[in-house]
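The values are calculated or read from the model by the stated rules, or taken from the named source; none is laboratory data. Predicted model only: the values in this text are computed from it and were never measured. When we count neighbours, we look across all protein chains shown, and the Cβ atoms used for this are built from the backbone with ideal geometry, even at glycine. What goes into the accessible areas is simple: the full protein's heavy atoms, side chains included, and nothing from ligands, DNA or RNA. Shrake-Rupley method; radii C 1.70, N 1.55, O 1.52, S 1.80 Å.
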Amino acid sequence: MKYIIRILFIAIIILICVGYYFKNSGDHGTGDKLVGIGILASSFILMPIFIYHRWKNKKVKDYMLTEENLKKMRDYEANRENSN
């Protein structure tokens, strides 16, 4: 999965760079289209794949502020203050 993300990232960067090359060469229409496709691909393809890859084995409950997690945080702070 991480190789797919890296390849896709490099392809999008190349696409955006080629788009800016076309814009600087005088073909503004093609350059704008390539840059736009690169930005859309990064937003709607690369970012969801990256987020899924990073969160697929995580427990959402560990990151929520429940009473149990608040109690753990308070206990940790109290123990840290007592040790100093």
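Brief remarks on what is shown
- Residue-wise HN-Hα couplings along segment 66-72, as the Karplus relation 6.51 cos²θ - 1.76 cosθ + 1.60 with θ = phi - 60° gives them from phi, are 9, 4, 5, 5, 5, 5, 4 Hz; Gly and Pro carry x.
- Accessible surface of the chain [probe 1.4 Å, protein heavy atoms]: carbon and sulfur percent: 63
- Loop-resident trypsin sites (Lys or Arg not before Pro) (DSSP state other than H, G, I, E or B) in the chain with no more than 12 further Cβ atoms inside 10 Å of their Cβ: Lys56, Lys58, Lys59.
- With protein chains left intact and a 1.4 Å probe, residues in the chain average 86 Å² of accessible area per residue.
- Per-residue 3J(HN,Hα) values for segment 74-83, derived from phi via the Karplus relation 6.51 cos²θ - 1.76 cosθ + 1.60 with θ = phi - 60°, read 5, 5, 5, 5, 5, 5, 5, 5, 6, 6 Hz in sequence order (x marks Gly and Pro).
- Kirkwood hydrodynamic radius computed over segment 1-70 comes to 14.2 Å, based on all pairs of distinct alpha carbons.
- For Lys33, a cut-off of 28 angstrom between C-alpha atoms picks up these lysines, skipping any fewer than 8 places away in its own chain: Lys2, Lys23.
- Gain upon complete extension [Ile37, Lys71; 0.36 nm per residue less C-alpha separation]: 7.5 nm
- Probe 1.4 Å - accessible area at Ser25, Å² to nearest ten: 80
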